[in-house]
1. Please give the strands (runs of 3 or more DSSP E) falling wholly within segment 467-552 in which 2 or more residues are under 39 Å from the mean Cα position of the chain (by Cα).
2. Within segment 768-800, how many residues turn out to be farther than 12 Å from Asn814 by Cβ, touching a helix residue (DSSP H, G or I) at 6+ places or on another chain (Cβ under 9 Å) and of a type outside the set (Ser, Thr, Tyr)?
3. Given the residues Leu566, Leu492, Leu499, which is the only one that is open to solvent by 50 Å² or more (accessible area, probe 1.4 Å) and either modelled with pLDDT of 90 or more or among the aliphatic types (A, V, I, L, M) (or both)?
4. Being on the phi < 0 side of the Ramachandran plot, among the polar types (S, T, N, Q), assigned by the TED database to the domain that holds Leu306 and touching a helix residue (DSSP H, G or I) at 6+ places or on another chain (Cβ under 9 Å) narrows it down to one residue among Ser375, Ser365, Ser385; which is it?
5. Just the residues that are under 18 Å from Asn629 (Cα atoms) and of a type in the set (Val, Ile, Thr), please, taken from segment 571-599.
6. Give me the pairs: first residue in segment 283-295 and outside the structural domain of Thr261 (by the TED database), second residue assigned to a helix (DSSP H, G or I) and at pLDDT 90 or above, beta-carbon distance under 9 Å, and six or more apart or on different chains, which are they?
7. When segment 574-601 is examined, which residues are found to be open to solvent by 60 Å² or more (accessible area, probe 1.4 Å) and either touching a strand residue (DSSP E or B) at 6+ places or on another chain (Cβ under 8 Å) or among the hydrophobic types (A, V, I, L, M, F, W, C) (or both)?
8. Are there any pairs, at least 6 apart or on different chains, whose C-beta atoms fall under 6 Å, with the first in segment 487-502 and farther than 19 Å from Leu534 by Cβ and the second among the small types (Gly, Ala, Ser), and if so, which?
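The values are calculated or read from the model by the stated rules, or taken from the named source; none is laboratory data. As the structure is a prediction and not an experimental result, all values here were calculated from the model. Reconstructed Cβ throughout: ideal geometry from the backbone, glycine too, with neighbour counts over all protein chains shown. In case anyone asks, the SASA skips ligands and DNA or RNA and just uses the protein heavy atoms, side chains included. Shrake-Rupley method; radii C 1.70, N 1.55, O 1.52, S 1.80 Å.
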Amino acid sequence: MADRGRMKGVEGGEGGSGAGEGAEGRDGEAREELELALSLGRRGWHLPAARREPPPPPAAMRWTMPPHSWDHDAAGSSRAATHVPPLRCRDIWHGDNDAGGAIEGAEEGDEEDEEGDEDGDRDLQSKRPKVRGFGEESPQHSGVNASFFGLESTHFPGSDEHGHFKLSHCPENELDFGLSLFPNDGVNENPGDGNVGDVEISGGENSEDVEIRMDLSDDLLHLIFSFLGQRDLCKAGASCKQWRSASMHEDFWKCLKFENTRISLQNFVDICHRYQNVTYLNLSGVPHAELLVMEAITCLRHLKTLIMGKGQLGEAFFQLLSECPLLTTLTVSDASLGSGIQEVTVNHDGLRELQILKCRALRISVRCSQLQILSLRRTGMAHVSLNCPQLVELDFQSCHKLSDNAIRQAATACPLLASLDMSSCSCVTDETLREIANSCPNLSVLDASNCPNISFESVRLPMLVDLRLLSCEGITSASMAAIAYSRLLEALQLDNCSLLTSVSLDLPHLKNISLVHLRKCSVLHRVSITSNALQKLVLQKQESLSSLSLLCNNLIDVDLSDCESLTNAVCEVFSDGGGCPLLRSLILDNCESLSTVELNSSSMVNLSLAGCRSMTLLKLSCPNLQNVNLDGCDHLERASFCPVGLESLNLGICPKLSDLHIEAPKMSLLELKGCGVLSQASINCPRLTSLDASFCRKLMDDSLSQTAEACPLIENLILSSCVSIDLNGLSSLHCLHKLALLDLSYTFLTNLKPVFDSCPQLKILKLSACKYLSDSSLDALYREGALPMLVELDLSYSSIGQTAIEELLSCCTNLVNVNLNGCTNLHQLVCGSDDCSSGDMPVDVCPPDSAPVRSEEISERSDRLLEVLNCTGCPNIKKVIIPSMTTYLRLSKINLNLSTNLKEVDLTCSNLYTLNLSNCSSLEVLKLDCPRLTNLQLLACTMLQDEELESAISRCSALEILNVHSCPKINVLDFSRLRVVCPSLKRIQSSLIT
């Protein structure tokens, strides 16, 4: 009785340790075991009067009990409370004379309990639990709490720790059932999961009360617990009496989900006995689930849904299901039915849905007068017998062992059948389909996919709405006449029917048809469809399809990808007047026979012509067209988009495009990058803001002028490598009043006066690699104040000389970013004072009689905005000096990388953050006064001495990163001195450090 009272798992166990060792020896599946512990409620445990201990001392003398060692094997299970004898269900419901002493003791303790209620664990008015310190006894149920936490209770002497007390004549309202769902399979649990191991006990130092108030009403707690499962409910119920009572509400135990969980027989029976209003039960993957249900069947009279799986279900199990009169849904998956030598019968008058999935049985007989849905999918059985007059949905998918005759008899026995799935039943023939058509006049859904013996000829199914004949090798063009007889057909799937050569259908209600072919031997060459309901047409991979005729007034989407034989005549089908007035999306990807595409559609929104490599002419007149894909159309020569609703267009993937006409009122972005032979371009896009015509080497001035007049809102204009653009084209830029970025890199320009005169609002000017520009070409910038709003200037790899560069840096105070990368004529960069015309006073010497000038005064006087200076790869530069008298107070980044002849760098920049001197192999002199410098790159500075570096960084108080990789004259021994002179240094990158 003791072992039974502890309610071990289904396999049973001799004791706590034995059960743990047995669990560790089982298979490696991660399953958890449920345990139901029943305990007394608000009155707690009481011993007989003779064994009662004196009442606890007052609060002033209260002491904390020393804890026992933590038992990992017993954590979270009934074995963690060995001092509390479990209560058996039959002791509660059937009296026993042996429990008289316990009852008598309980009655004598009532008075003390009433006194303890005054300052007990619950404030009855505010419903706030009072949480006591760990190890402190509760005045009501100190024995239970102490034993639960592994402590020895003073209420239970050691000689009676295994005693069991039986109660009789106890009123039901005096009992509460405490449920605990903790693993009891012997596996060590994390003590933190039980909220025990996280508590630190230090003898009597923490003996004072700790009170936590939570304003949680019963209604609010009920709402919160409604989101928890059974396992979490039981863990929450162990917190306090209010939570325990709330977690045991029957609303939370109507649906029992125990899938893949180990639960003992007695525990399951007790749960079902406690909650007899269970309507949903899931025992899939539970060991010996059949025995659990059969033992508790009398308590499951309100059950409506039962899910079983992964076990052995015999004939007795299905017979006992009649004890559940309200059962409407039964699901059995991956199980063995019967003994393997006899028929399994399912007989239930109230069952509405039965699913037997992936099961193994010899014969199955179903006799359910109210059954409406039956699924035997992937079940291995040789014969099936049905007596279900109300059945409307039947599923035999992948029942390979069923014969043609068995399927015929089963289906014809259901006169109300509306949906039948017998896909992958290779033995089905046309004779069976004809018999089913005669016996089931209401059949509306039929799936006969992967049935090679079906041709569908002479089959008449007038009520058919959905037909699936995928990969049916017997379907030919002659089958279309039988399919056309189903005038109500809405969905038709004929994918991968390799013998189908022609499709001609007149189905007014057809909404969806699929003719995807996955093999390389398609022989379908003609398709003719008439339907007022068809909305989507998929004809992918029909390599032989050459003729297409559609009369579908509601057709919206068409996919003809990889139809390699389609001709140019297909465009007439999808243009206005071609039979598809509502067409919105057309996909013609990889239709390699198309050479001329002319579409005139007022409804088309999306068009894809990716991979049409033979297309040379494209003419689109689709005012609502928003997306077009021309990837891989590398032979396109002429294109016209007049008119279209496009907002952006990329034609840079059409290198042979020579003639372009665009009329797009909504277009804002146009990319022609790479159209190297484009010579004629008529662009009328009044909302265009960005035009990229890079590498359009044959684009002429007249095309640029026409574009500038028709597109006055252009802000970004990229004409890089447009070598045919001359002064006349640049003069037309006066129409672009919002032009902010102009890229003229890699052009042959010699005069920039049209740019200075036409674009006073220009902010970014790129003149990279303009080899024919001279110093005088930029005179207007620093002598006449042209382009006053210019903030970025790129002169990389140009032929601009030393003097022009110095004048630009000195006089163009609005410049923020200057790129001088690869300038061969730059020999030194010595920044003078803020006055660009004064050269009498040395740049690095202050007058001896003058007072020091504060940086704020200099900033107000000069207001230079330069922040970034890039001089990467300047092969002839030897000296860079920015003295303190200069007013580059905003300069934050300087890049001199790859300046191999640079020997001297002297910088006094108060706001400099990054300095890159990598690969300056001739650098010998380095002087820095940069208090905000954080990153210094000296990679491969082979001539730099350690003393020079130490002196340079001593004035950089914020330096954090120093890169001296491949600097042979700087040793590891020098690093300590570097850190001393620069305490802020956090990281030194060197080849000497691994």
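1. Values: elements: 491-493, 502-506, 512-514, 526-530, 536-538, 547-551.
The qualifying strands (runs of 3 or more DSSP E) are 491-493, 512-514, 536-538.
2. Counting residues in segment 768-800 that are farther than 12 Å from Asn814 by Cβ, touching a helix residue (DSSP H, G or I) at 6+ places or on another chain (Cβ under 9 Å) and of a type outside the set (Ser, Thr, Tyr) gives 9.
3. Numbers: Leu566 fails: open to solvent by 50 Å² or more (accessible area, probe 1.4 Å); Leu492 fails: open to solvent by 50 Å² or more (accessible area, probe 1.4 Å).
The unique qualifying residue is Leu499.
4. Working: Ser375 fails: touching a helix residue (DSSP H, G or I) at 6+ places or on another chain (Cβ under 9 Å); Ser365 fails: touching a helix residue (DSSP H, G or I) at 6+ places or on another chain (Cβ under 9 Å).
Exactly one residue qualifies, and that residue is Ser385.
5. Result: Ile587, Thr596, Val597.
6. Once the first residue is outside the structural domain of Thr261 (by the TED database) and sits in segment 283-295, no partner that is assigned to a helix (DSSP H, G or I) and at pLDDT 90 or above comes close enough.
7. Asp576, Leu582, Arg584, Glu598, Asn600
8. Asn496/Ser471; Thr501/Ser477
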